[in-house]
Amino acid sequence: MSAAPQLDPFLPDIYSVRDVRRELPDTVTLEVAPKAGARPDFEPGQFNMLYAFGIGEIAISLSGSAGSGETFIHTVREVGAVSAAISKLEVGAELGLRGPYGAGWPVNEAEGSDVVFVAGGLGLAPLRPAILHVLANRNRYGRVVLLFGSRNPTELLYRDELADWRQRLDVDIDVTVDHADAEWRGNVGVVPALIPRAAFDPTDTIAFVCGPEVMMRFSVAALRDAGVPLDHVYVSMERNMKCAIGLCGHCQFGPTFVCKDGPVMRFDAIADIFSIREI
Amino acid sequence: MTETAKSVISLDGLQALIDALAAKNYQVLGPTVHDGAIIYDAITKTADLPAGWTDRQDGGRYRLERRDDDALFGFVVGPHSWKQFLHPAKETLWKASRGPDGIVVTAEEPSPQKLAFLGVRSCELAAIAVQDKVFCEGPYLDVPYAERRKDAFIVAVNCGEAGGTCFCVSMQTGPKAEAGFDVALTELHHNGAHEFLVEVGSESGAALMQDVPHRPASNEQVSAAEAAVANATNQMGRTLDTNGLKELLQGNSNHPQWDAVAERCLSCGNCTMVCPTCFCTTVDDHSDLSGDNAERVRKWDSCFTLDFSYIHGGSVRTATRSRYRQWMTHKLASWYDQFGTSGCVGCGRCITWCPVGIDITEEAAAIRAAPMSDKEKPNERP
């Protein structure tokens, strides 16, 4: 055994909050910057481990532009003790951060093809860096479609940005909600139902899908039915993560570790295990 | 004599070996009797070893019995494994404090104490090699493990008898220690003498033997050691047919046997605690009462708990069948995908220490006896 001395991958770096933006009653977007040095580069689809002092650490996708910048952007929904503590951080507060980790969306491989983004709920957050990349390099892609579903109109994430994107003539955006309210004038129904009527060339499309597993299951089926081969479909998986570096065993999904083999996975590679209940 | 030649040491020589390790600042850990079981703990003299004891093992059963000789290693493996020293059940990864200058994180200093393991069986050498792959050969190094591992000195002991739940022959991990040790011993009761045949496996092992009185082994002694190992080979309490086992298990995720075993499985996690290769951990973050000092503690975890697979909204593996399937399929199948080796070394601990005697070899055989046909395994979900 001759293990060379190496930086301890368990040690978080310290970041401070630059900006907080309330997205929804239970969801905030934090902009964080390293206390010392520059933030590492990242790829759309990767994630960081965020540590709330004394409370714990959670995996949160990167949601900002992967281009140059001093900060990381994370959209966090309060669902547990750690996410609640992180959601309450104010500008200037410090947190621990490890990352970025994992395999991202293949935005470069998708160049020249049509791109279809299918997002459910908070699943829009991990897709946002890929969407920003495609829009920033719009002429490298064919048709671009964003299909987004939310439980109800009040839970629509990035509402202002969606409105901005809708102004563009080079992106098709279709939004649906499971349950409408009195003011909603848009689609009602689940997001996979938007796929058959979207305009893209199924023989030359790369699809990026992110949302709850049940939503991804039906979205992949709809894409397949529309003629998109499964090796052109990518999903972002979610599993319990403690270490994010393949050492704790928690994120196993069949033979894969979601932290290092994912979270973004090409669907044909996982189609067999994806179909197994409670795998 | 050359380094590779076999030599023989007496009982006093074994004491000299322990003393030589202590003199080189190793803490010597070895088998010792405690609470009716043979466990691994600090030892300083040969009298600490389980002289004249053996273990009788079967599914859900472990008993110590007296032997009719004074063998020091006349048993197989107990509830402990060397994992508890290389990959402790609980360890602080780092501490953090919060003051006027913000949060400061400090890595926990590794213990300077070097460890020497005396009595490492062949299956356990294989288990250490498996954990080396997990912790030291991935994209990220497990620094605390690697630190402890690089300094560890290993004295292997070849098994002269096999236990009731042993199947190292099936897993091709024993019973003879072939590699991965510094020194390997075979206990000999020959012509009234109680001695140990010594094989040197590393430069550190050769260096140690310079401090241990020894003499060249006779051909007779070498043959006696070979006969002892052959005896263990022929005594395996269990067998596991590994031919095509990975594909068999991965192709039978919906087999009714998973329901059958879930009827008996208590989901207690004992199998994962005693397994020498199970490596899963969780972390516990907490702070002191002032709220300004925190630490992260890493602890063994088990895939048999609901918390293990919890993501917001619920656990992925709610049913016992799913959790047992995860454990066994990981151990015998997906471990190959992840680490290029089986996760099972055939030590039999999971069988012995299962409170209801579930037997991984029987479970695999049951699926092999009646695998599902392709027609019977439609996708479970659209």
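What follows draws every value from the coordinates through simple rules; no lab data is involved. All values reported here derive from a predicted model rather than from experimental measurement. Counting neighbours? That spans all protein chains shown, and the Cβs are built from the backbone with ideal geometry, glycine included.
Quick notes on this structure:
- Average other protein chain Cβ within 10 Å of Cβ, residues A:270-278: 6
- Furthest towards positive pole of dipole, A:Met265, A:Gly56, A:Pro44, structure part chain A, Cβ charges: A:Gly56
- Gyration tensor (alpha-carbon) shape descriptor, chain B, a/c threshold 1.5: oblate
- Residue mean of other protein chain beta carbons inside 10 Å, B:102-114: 3
- Of B:Cys159, B:Thr44, B:Gly13, farthest towards positive along the dipole that unit charges on Lys, Arg, Asp, Glu beta carbons give chain B: B:Cys159
- Take each residue in A:10-16, count the other chain C-beta atoms within 10 Å of its C-beta, and the mean is 5.
- From phi via Karplus (6.51, -1.76, 1.60), per-residue ³J(HN,Hα) for the stretch A:32-48 in Hz, x at Gly/Pro: 10, 10, x, 5, 9, x, 9, 6, x, 5, 8, 10, x, x, 7, 9, 10
- Label positions at B:Ala366 and B:Asp337, each projected 7 Å from the Cα along the C-beta direction, are separated by 2.4 nm.
- Calculated FRET efficiency for the pair A:Asn108/A:Val20, C-beta based, R₀ 35 Å, to 0.05: 0.65
- Exposure proxy shown here: for B:Ile351, A:Ile279, A:Ile58, B:Ile311, the number of other Cβ atoms within 10 Å sets the order, fewest to most, as B:Ile311, A:Ile279, A:Ile58, B:Ile351.
- Calculated FRET efficiency for the pair A:Arg138/B:Lys90, C-beta based, R₀ 51 Å, to 0.05: 0.45
- Environment charge of B:Leu197, counting only residues whose C-beta is closer than 14 Å and scoring Lys/Arg +1, Asp/Glu -1: -2
- Relative to the current alpha-carbon distance between B:Thr233 and B:Arg67, full extension at 0.36 nm per residue lengthens the span by 57.8 nm.
- Cα-based shape type of the protein assembly as shown, given that a ≥ b ≥ c are square roots of the gyration tensor eigenvalues and the cut on a/c is 1.5: prolate
- Pair B:Glu220, B:Ala42: separation of 7 Å Cα→Cβ label points (nm): 4.2 nm
- Mean separation of Cα contacts under 8 Å, 6 or more apart, over the residue count of the stretch B:7-233: relative contact order %: 24 percent
- Sorted by Cβ neighbour density within 10 Å, fewest at the top, the residues A:Ile206, B:Ile358: B:Ile358, A:Ile206
- Dipole magnitude (debye, nearest 20) for the stretch A:50-101, charges at Cβ of Lys, Arg, Asp, Glu: 120 debye
- Extension gain for B:Ser111-B:Arg264 works out to 50.9 nm (0.36 nm per residue, less the C-alpha to C-alpha distance).
- Cross-link pairs A:Lys35/A:Lys242; B:Lys90/B:Lys133; A:Lys35/B:Lys114; B:Lys45/B:Lys133; A:Lys242/B:Lys133 - those with Cα-Cα distance over 28 Å: A:Lys35/B:Lys114; B:Lys45/B:Lys133
- Total formal charge among the other residues, if their Cβ is under 11 angstrom from that of B:Asp359, Lys/Arg +1 and Asp/Glu -1: -1
- Cβ charges +1 (Lys, Arg) and -1 (Asp, Glu), total dipole of the protein assembly as shown, debye: 800 debye
- Counting Lys and Arg as +1 and Asp and Glu as -1 over every other residue whose Cβ lies under 14 Å from the Cβ of B:Asp12, the net charge comes to -1.
- Shape category assigned to the stretch A:1-149 from the gyration tensor of Cα positions, a/c cut at 1.5: oblate
- Beta-bridge orientation, the protein assembly as shown: approximately 70 percent antiparallel, per DSSP, counting only bridges with both partners inside.
- Förster-model FRET efficiency, 35 Å R0, A:Ala38 and A:Leu230, C-beta, rounded to 0.05: 0.35
- Potential extension, B:Ala319-B:Leu11 segment - 0.36 nm per residue separation minus Cα distance: 105.6 nm
- Dipole magnitude for chain B: about 920 debye, using +1 per Lys or Arg Cβ and -1 per Asp or Glu Cβ, origin at the Cα centre.
- Range in chain B, longest, excluding exposed trypsin sites (Lys or Arg not before Pro) [loop by DSSP; at most 16 other beta-carbon atoms within 10 Å]: B:68-382
- Counting DSSP beta bridges with both ends in the stretch B:1-159, the antiparallel % (nearest 5): 70 percent
- What the phi angles of the stretch B:278-294 give under the Karplus curve with 6.51, -1.76 and 1.60, with θ = phi - 60°, is a coupling list of 3, 10, 5, 9, 10, 10, 10, 9, 8, 10, 7, 5, 5, x, 9, 10, 10 Hz, glycine and proline written as x.
- Database remark: amide H of B:Lys114 closer than 5 angstrom to the amide H of B:Gln27 (H placed geometrically; neighbours at sequence offset of 5 or more, or on other chains; Pro and chain starts carry no H).
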